[in-house]
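Inspection log for the structure reproduced underneath, given as C-alpha cells.
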Amino acid sequence: MTVRFQTLGPLRLRQDGTEIPAGRPQQQAVLAALLAARGRPLTTTQLLHAVWGEDDEHWPSHPKRALATHIYRIRQLPGFSADFTPHLSPDFTPGLSSGFSSGFSSGFSPGGACAALLQAGEGYRLSVEAGAVDMHRFDDAVQAAAAARRKGDPDGAHALLTQGLALWKGPALDGVPGPLAERIRQRLAASRTAALEARLSIDMARGRHAEVLPEIAALAEDPDASGQVLALLVLALFRSGRRDEACSVFERARDRAEELGLDPAPELERAHRDVLGSPAAPARSGPHGPVRPCHLPPDIGDFTGRTTETALLQEALTPGGTAVRRPVVVHGAAGTGKTTLAVHVAHQLRDLYPDGQLYAALTGSDALPGLPGRVLAAFIRALGEDVPGDEAAMTAAYQAALDGRRVMVVLDDVRDLDAVRPLIPRQPGCAAVVTGRALTGLLPDAQWLALGTFSPEDALGLLVRTLGASRVEAEPDAARALVEACRRHPALLRATAARLAARPHWSVASMVDRVTGWVTG
C-alpha cells in the first residue's frame, strides 16, 4: 500500500493511484501543518495557531475538542495506522536524492501502512514514507540543484529543477485555510519562482534562448515579475536578433521603477549593458558574426514512436560532402504529428547545424502574411543582415547570408510549395524540412516522407508514457481497445490519454466507451 500527499496544488491523497478525499477544510489545515513539520512533533497550541490563528477570539468554543476531532478523522483515512514501522529493503539508501525519487514503495512492506499520526507529548507528529510528500521532494530538489550548481554541474542542476517544477499542479495548498497554510503558500511560491528562474538561466547559458523565450515572456507579463525574469527576457530577445524589443523591455521597466522612485534591478541593468555593449548588428562582428538564431519551438518531452520515420528524416537531413541537401517534405493528414516529428528531429540535429535553426509557421496563427517576402525579411534579420527593398534582392541576400554557414530551416504547415522555393537553402552546409497537408505546387528534387496513423506498438507506447506502465498493464485489453477506438490517430490518442491521466479514478475501459461515443456520435 502506497500513500502519496499532493500539496503543490489542492491538498490530495492518493493510495495506490486512487484519490482519497482529504476531508473538510480545517481538517486539511491540520494535516497540512503536520506534513510541513516533516515528522517533527507539534504541540496542541501550535496546531491551534496553525488552523485558527493566535487570537483565541477566533477559535471555536471548544478548540481542543475540535482539534481532537480532526486528528481522529485524519487517522481514519486509508493508509494511516496507529503505528508506523517501515520495513527497509536491503537496497534502500537514505540521503537527499532518495527523498526525491518517485518510487520508494520497494523500501516498505506492501501490507504495512505508510503514514501514522502519533501522539507526541502534548501534541502530535505525522510519520510518512520518505518521498511521499511532494513539497518535501520539491524542496529537496531545489537544495540538490543548488549544490550541483556550486559543484559546476549545470546539467545535473537543470534535471533536478525540471523534475521538481514538474510536481506543481497549481498554487500550493490551494483552498486550505489557516495562517500557517498561507505562510507555506507564500514560501513555496517564492521558492518555485526562484527555481524557475534558475532553470531558465541554465537554459539561457546553454544557448536555448529561442526555446525558452515564450516561457520567459509569459512570466514577464506578471506586473510583479522580478528583475531576473526581465533580465532574462532582455537577453533572450537580443540573442534572437530582436534588439529593439530587448531595449524596449528595459525602458518600460526603468519607467515603472522611476514612477516608484527606484532604480531598475541590478541584474536588469547588467543585461541592458550587455546589449548596449554589443555591436549594433551583432551578426556582423565577423564575416558572419556570432548570431546563431534558434527559432525552433520546444521539443515535445514525451515524444513516442515514429522510429522508422525519425531515422529516415535524420538520414535525409544529416550533412555530408559538398552536395546540396535535398529538402524533405513531411506530409500527412491533420493531427498525424508532422510538426512534432520535424521539430523533434531538428532539435536532435542542432549540433550538426551550429549556425542556427530558422523556423516559420506559414499558415497557422503565427503566420507572417505576404509570403515569401515577410518570411525572407524575418530570416535575413535573424541572420544579422540588412534587408533589401524588393523580393528578388531579398532572395539573393538570404542565400548570400547562408553561404558558408550550416543552418537548418523548418517551414511548417505549408500549403503552396511554389511559394516557399525562395526560402529553401541552396548552400551545401544547410538543410530544409517542409511540413504540410493538401500540398499544391512543386518543390524540385525534394524527398517525400508520408506520415499516417501510429502502429499498434507506438500507440500503446504513448499510453504507457502518459498513463504509466502499471495502469496500462492493469487493463491490457482495454488499452488495446482504446488505441483502436482512437483509430491510432496521434492527436486524438494524445488528447484522450491526457484526459485519462488527469482522472486517475477513471478506468481505461470507461474511456473506451466515451471515445467510441465521440467518434461515432
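Here are the numbers:
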item	result
Normalised contact order of the chain, rounded percent, pairs of Cα under 8 Å and 6 or more residues apart	11 percent
Residue (of Met511, Leu460, Leu492) at the positive-pole extreme of the stretch 453-521, dipole from beta-carbon charges	Leu492
Which label in (i) 204; (ii) 216; (iii) 170 gives the computed volume of the Cα convex hull per residue in Å³	(i)
Cα-centre dipole for the chain with unit charges at Cβ (Lys and Arg positive, Asp and Glu negative), debye to 20	760 debye
Solvent-accessible area per residue for the chain (1.4 angstrom probe, square angstrom)	47 Å²
Computed FRET value (nearest 0.05) for Thr318 with Arg40, which takes r as the C-beta separation and R₀ as 60 Å	0.60
Förster radius 25 Å - calculated FRET efficiency between Lys64 and Ile20, Cβ distance, rounded to 0.05	0.45
Stretchable slack from Ser81 to Asp255, in nm (0.36 nm times residue separation minus alpha-carbon distance)	56.8 nm
Helix axis angle, 243-259 relative to the chain longest principal axis, alpha carbon, degrees	40 degrees
Inter-probe distance in nm under a simple model that places probes 7 Å from Cα toward Cβ, at Ser455 and Ser470	2.9 nm
Pairwise FRET efficiency - Val387 versus Asp418, Cβ, R0 = 25 Å, nearest 0.05	0.65
With every protein chain in place, the chain: carbon and sulfur % of accessible area (1.4 Å)	52 percent
Whole-percent pair-distance distribution, where bins are 10 Å wide, for the alpha carbons of the stretch 457-521	24, 64, 11, 0
Calculated [θ] (222 nm, deg cm²/dmol) that DSSP helices of n ≥ 4 give over the chain, each run adding -39,500 (n - 2.57)	-14500 deg cm²/dmol
Accessible area of Phe303 in the full protein assembly, 1.4 Å probe (Å², nearest 10)	40 Å²
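The values are calculated or read from the model by the stated rules, or taken from the named source; none is laboratory data. Source: prediction; values computed, not measured. No Cβ is skipped: glycine too gets one built from the backbone with ideal geometry, and neighbour counts run over all protein chains shown. Calculation scope for accessible area: heavy atoms of the full protein, side chains included, ligands and nucleic acids excluded. Shrake-Rupley method; radii C 1.70, N 1.55, O 1.52, S 1.80 Å.
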